[in-house]
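We did not get these values from a lab; they are worked out from the coordinates using the rules stated. Here the structure is a predicted model, which means the values were calculated and not measured. Every residue, glycine among them, receives a Cβ derived from its backbone with ideal geometry; neighbour counts consider all protein chains shown.
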Amino acid sequence: MFDLQALIDQNQSQELALFGRHVNPALAKVLKIIGYDIRYTHGRGAYLFDDQGNRYVDCLGGYAVHNCGRNHPTIRSAIQQAMDLDLPNLIKMGTPRLAGVLAKQLIESVPEDLDTVFFTNSGAEGVETAVKYARAATGRSRIVHCEKAFHGLTMGALSVNGCPEFREGFGPLLEPCTEVPFNDLTALERELIRGDVAGFIVEPIQGKGVNIPADDYLPGVEALCREHGVIFIVDEVQTGFGRTGKMFACEHWGVAPDVMVIAKALSGGYVPVGAVLSKRWIHEKVFNGLDRCVVHSTTFGQNDLAMAAGLATLYVLKEERLVGNAAAMGNLLMTKLGELCDRYELLHEVRGKGLMVALEFGSPKSLKLKMGWSLLHKLDQSLFCQAILIPLLTEHHVLAQVAGHHIDVIKLIPPLVLTIQDVDEIVAALDAVIGACHRFPGPVWEVGKRLSQQAIKRAVKPQGAQSGTVAVTERS
Ligand SMILES: Cc1ncc(COP(=O)(O)O)c(C=O)c1O
């Protein structure tokens, strides 16, 4: 008989070795070097647990998929129910029972006029879809995107990715695509005015670094797109489903995109799923004839388990008022972390919305610390935050990640079920670690030095990191 538990038990001691041998050798090495090679055994809500009985507060949230908390019983039960019903899954030449229901509920939760839904299996696939939609709707080809944008790593999505570190080595990419600075309406107008732009894609809050636009930016983008007949694509893959204290981040600025891409948290952390919501006229331009009714499609789209997970996720978000909790806990977290800014000269800014929070570090004033800061940055631009994150995880059991390449920013994106006690735990942990890095020489600086020496020795070059670094910057 097939026995999953027995398989897990048999292979428990080899987890990292198997992953390192057959899945991602570079990542396995990095995890070992930085002490992240913890054997997690289970997860529940905002916590992860390891085989030593330790509990960790998860401020990474599986790259923001676990908005409802890990292994939520309602979502798990919905998937189990879907399986027990022996549904006629993936008929393809038939109408799936749950896709229409989820589509209707999604449409009810987004800005007006978005009333058609295309289901995908990931965020990047949603971005690919949006790019095709923009081209089909306008008959133009150029896509404009922002510097530091992250929209996924498939070929089309990579072409509108504003981080050169991810693009390097994979060209030539999709053309024509043009990059403009985020938060710069003049630069955007300069491109749109040329009349050849199909779509402009933007994250309402950039995941890389948690960059928040000025209040007039997104309304200005919407107006410019309307004026120049450009499809306004909002990528809510990371910011959606309550992450920023609103159901979708574009609500903060009251904008109404033509196309919205969502994914991540819609899965409840269980089943890959995403969706592209669009205005009907755009949809009709893509599927513009009976012979083209599946001109854009994907085999696993609309599958019952994903639809069930999505429906249960919407239910849980509402029942447990998680969007409001994200706003409240986010405010509390940022207020408390803001107080650390006053005490620690290395911590320059705390910013964010809801539970998408960034801590930005910067050069200190005092001479001694300045020495440590320059030394570490000379060794590697990305090491400082990693040196903070290691003791944060190994000593204080809080999991988080660096928010981008070559920036001194840590990002916190915990599940939205966070409690006041969790907030206190996170703040106390950061207080202790940031406090320690204000002693030079001191343990945090030693960690940084050790990391860079090990990296040089092993010549590790993990994906997404500078040559020789062990600072695994956030991928999403
Ligand atoms: C804003 C944004 N768009 C798109 C993607 C790509 O999503 P996926 O990893 O599911 O392909 C991500 C992933 O992190 C993201 O943060």
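Computed from the C-beta positions of E345 and E251, the FRET efficiency with R₀ = 41 Å rounds to 0.70. The 3J(HN,Hα) values that the Karplus relation (6.51, -1.76, 1.60; θ = phi - 60°) gives for region 167-172 are, in residue order, 7, 3, x, 10, x, x Hz. Gly and Pro appear as x.
Taking every C-alpha pair closer than 8 Å and separated by at least 6 residues, the mean separation divided by the residue count of region 206-268 gives a relative contact order of 35 percent. Sketch the reach of a paramagnetic label on T154 as a point 7 Å from Cα along Cα-to-Cβ, and name the residues of region 246-275 whose backbone nitrogen lies under 18 Å away. Within reach of a label on T154, which here means backbone N under 18 Å from a point 7 Å along Cα→Cβ, region 246-275 contributes 259-267, 271-275.
Give the cross-link partners of K318 among the aspartates and glutamates, using a straight C-alpha distance below 16 Å as the criterion and excluding same-chain residues fewer than 8 apart. List returned: E108. Amide H contacts of V417: G69, each under 5 Å away and 5 or more positions distant or on a separate chain (H built 1.01 Å from N in the peptide plane; Pro and chain starts excluded). Each semi-axis of the equivalent ellipsoid for region 1-74 is √(5λ) with λ an eigenvalue of the Cα gyration tensor; in descending order they amount to 22, 18, 12 Å.
Legend: residue pairs K370/K449; K29/K264; K336/K368; K29/K208; K208/K368, Cα-Cα distance threshold 20 Å; pairs beyond threshold, K29/K264; K336/K368; K29/K208; K208/K368. In order along region 303-318, the phi-based Karplus estimate (6.51 cos²θ - 1.76 cosθ + 1.60, θ = phi - 60°) of 3J(HN,Hα) comes to 5, 4, 5, 5, 5, 5, 4, x, 5, 5, 4, 4, 4, 5, 4, 6 Hz; Gly and Pro are listed as x. When you restrict to C-alpha pairs under 8 Å that are six or more residues apart and normalise by the size of region 73-319, the relative contact order lands at 29 percent. In whole percents, the pair-distance distribution calculated for region 73-319 from its alpha-carbon pairs, binned every 10 Å from zero, is 8, 33, 36, 19, 5, 0. Taking amide hydrogens as placed 1.01 Å from N in the peptide plane, the amide H of Q401 sits under 5 Å from those of K411, each at least 5 positions away in sequence or on another chain.
Rounded if a/c is under 1.5, else prolate if a/b is larger than b/c, else oblate: which is region 333-383, with a ≥ b ≥ c the root eigenvalues of its Cα gyration tensor? Since a/c reaches 1.5 but b/c is at least a/b, the shape of region 333-383 is classed as oblate.
Phi-derived couplings, Karplus 6.51 cos²θ - 1.76 cosθ + 1.60 at θ = phi - 60°, listed residue by residue for region 399-415: 9, 8, 9, 5, 8, x, 6, 6, 10, 9, 10, 9, 10, 10, 9, x, x Hz, with x used for Gly and Pro.
For region 116-185, chymotrypsin sites (Phe, Trp or Tyr not before Pro) are listed when DSSP marks them as loop and at most 15 other Cβ atoms sit within 10 Å of their Cβ; the list is F170. A DSSP coil position with no more than 10 other Cβ atoms inside 10 Å describes the following trypsin sites (Lys or Arg not before Pro) in region 353-392: K365. Dividing the summed helix terms, -39500 (n - 2.57) for each DSSP H run of n ≥ 4, by the number of residues in the chain produces a 222 nm estimate of -12500 deg cm²/dmol to the nearest 500. Straight-distance candidates among the lysines for linking to K285, with alpha-carbon spacing under 17 Å and chain neighbours fewer than 8 residues away dropped: K132. Taking other C-beta atoms within 10 Å as the exposure proxy, M1, M334 rank M1, M334 from fewest upward. Using C-alpha pairs under 8 Å with a sequence gap of at least 6, the mean separation divided by the residue count of the chain gives a relative contact order of 20 percent.
Of the GluC sites (Glu not before Pro) in region 131-238, the ones in a loop by DSSP (not H, G, I, E or B) with at most 12 other beta carbons within 10 Å are E168. If you look at the Cα atoms of the chain, you get an Rg and a Dmax of 22.5, 71 Å. Distant-in-sequence amide contacts of I231, defined by a placed amide H-H separation under 5 Å and a gap of 5 or more residues or a different chain, comprise G199, F200. Using alpha carbons only, how many degrees (0 to 90, rounded to 10) separate the axis of helix 367-379 from the longest principal axis of the chain? For 367-379 against the chain, the angle is about 60 degrees.
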